[in-house]
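The values are calculated or read from the model by the stated rules, or taken from the named source; none is laboratory data. Keep in mind that this is a model prediction, so the values were computed, not measured. Don't worry about glycine lacking a Cβ; one is built from the backbone with ideal geometry, like all the others, and counts go over all protein chains shown. Note: accessible area is taken over every heavy atom of the protein model, side chains too, but ligands, DNA and RNA are not part of it. Shrake-Rupley method; radii C 1.70, N 1.55, O 1.52, S 1.80 Å.
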Amino acid sequence: MRLKYLFYLLALMIVVLLAIVCVLSFEAHNVLFYLVEVFIVLVLMYLTYFYGKVLKPLDTISSGMELLSVQDFSTRLAPVGQYESDRIVDLFNRMMDRLKDEKLRISEQHRFLNLLIDASPMGVVIEDFDGHITLANEAALRFLGAASFEQLAGKTLAEVTSPLAREIERIGRNHARTVRLSNSLIYRCSSLAFLDRGFAHPFILIESLTDEVMKAEKKAYEKVIRLISHEVNNTVAGVTSILESVGDELQTRDGTQDLVEGMHICSNRCMSMSRFITAFADVVKIPDPILRRADLNECVEACKHFMETVCANRHIGLDMHLSPPQTLQVELDRSLFEQVVVNILKNAVESIEEAGRRDGRIRMTTSADPPVLEIADNGKGIAPETESKLFSPFFSTKPNGQGIGLLFIREVLIKHRCTFSLKTYPDGITRFKISFPHPPAKQVVR
């Protein structure tokens, strides 16, 4: 564009200069005057030719450079009527067509990848080179406990308040690890990287394995329990029958009282073993809950009344803090859920007794939006290294524990579509939190 303006200025200066010459030579001979006019015409013709051959192609190329600088791939250059220049223009236009097609292809691929990432059941978290989160899909937000991407944007994993984020942070680059949290959820986390402009761009993949692992665990322990239960119960029934018959026979003879008592002891031990195995078998037979809309506060009050005597005998305070509204509606099977709450309260009582506390307290709290029940105690607490094992089948921290209570709780709460966690916090309080899904709104028929 500057060359064009320079050309116009040069032509104007020549015309003015020649006009001055003409005026000064007005008194001269007519032939000289005509020669000057012819010279002016020739100069203008030359300038026109010079513009068409040199300045116009350069101006066209300058316009093309401006189009490239602003990435306008839809505009094309017009031919200038010169063979060499038109070849450049044609090459430029074909290059712009290819750039436009490539930009469209990349844009469509980018849109497709975004849709694929958003719809993926696997969590995807992309970080910048400094470890700050720049992208997280819906699955990742759900796994990390974030309501929206704004809660994660620009943060590092260390700044995200999520147990899963803390576990992911411990994974080295280009490594993968299976993570089991205290809320019984299991994830396969991979810390990887892809090349972006020659640099390794980090990203994280989070795959939920909870359903698959729990199904495999349940299938395995169901098979083992049925096998053991069948063999033990059959053996115990035969042994008990023989012991009772021998005991009855010995009672008719003198001097056999010690043998009779031994027979009864053996028979009782066999019955205890049968009950022990039956307790395991009951876990396998947990019925599917019949979900009905119920008042969570009312259910909590019923469990409190049931456990008040047990707590009072052990000098443990048991109180409630029920959130308004007084009727907190949730979907649950009241019979099964009350068994869950009673089991949690019994564990809290045992934890306080194990800690030897004289100021033991248990507090049950409900809150709305979403509906949550929290049972907190100031008992012995849970070691961090055992948190991830709490809801594993038949795992127990008690010397004589069978690991059935928490397994029963886990199965019932999962059937209720609840999320839950059991953890001892830095203030020394152990909290069992149960979050309910919102009950569906009642449809009004008109």
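Grouping the Cα pair distances of the range 102-164 into 10 Å bins from zero gives a pair-distance distribution of 22, 46, 25, 7, 0 percent in increasing distance order. Is the range 313-433 best put as rounded, prolate or oblate by its Cα gyration tensor, with a ≥ b ≥ c the root eigenvalues, rounded for a/c under 1.5, and otherwise prolate when a/b is larger than b/c, oblate when not? Verdict is oblate for the range 313-433.
Taking amide H atoms as placed 1.01 Å from N in the peptide plane, the amide H of ASN183 lies under 5 Å from those of LEU422, each 5 or more residues away in sequence or on another chain.
Hull volume per residue, based on the alpha-carbon atoms of the range 306-379 and their convex hull, is 87 Å³.
Over all pairs of distinct alpha carbons, what does the Kirkwood formula give as the hydrodynamic radius of the range 156-240, in Å? The Cα-based Kirkwood calculation yields 16.2 Å. Straight-line reach only, C-alpha to C-alpha below 14 angstrom: list the aspartates and glutamates that LYS346 could link to, leaving out same-chain residues fewer than 8 apart. Of all the aspartates and glutamates, those that pass the test against LYS346 - Cα under 14 Å, at least 8 places apart if same chain - are GLU308, GLU338, GLU354, ASP377.
Charge dipole of the range 74-179 (Cα centre as origin; +1 on each Lys and Arg Cβ, -1 on each Asp and Glu Cβ, all else neutral): 200 debye, rounded to the nearest 20.
Evaluating 6.51 cos²θ - 1.76 cosθ + 1.60 at θ = phi - 60° for every residue in the range 416-427, the Karplus couplings come out as 8, 6, 8, 9, 8, 8, 10, 7, 9, 8, x, 7 Hz, glycine and proline recorded as x.
Distant-in-sequence amide contacts of ALA193, defined by a placed amide H-H separation under 5 Å and a gap of 5 or more residues or a different chain, comprise PHE203. Taking chymotrypsin sites (Phe, Trp or Tyr not before Pro) across the range 308-408, the ones in a DSSP loop with at most 16 further Cβ atoms lying within 10 angstrom of their Cβ are PHE394, PHE395. Solvent-accessible surface of the range 60-179, averaged per residue with a 1.4 angstrom probe and all protein chains in place: 64 square angstrom.
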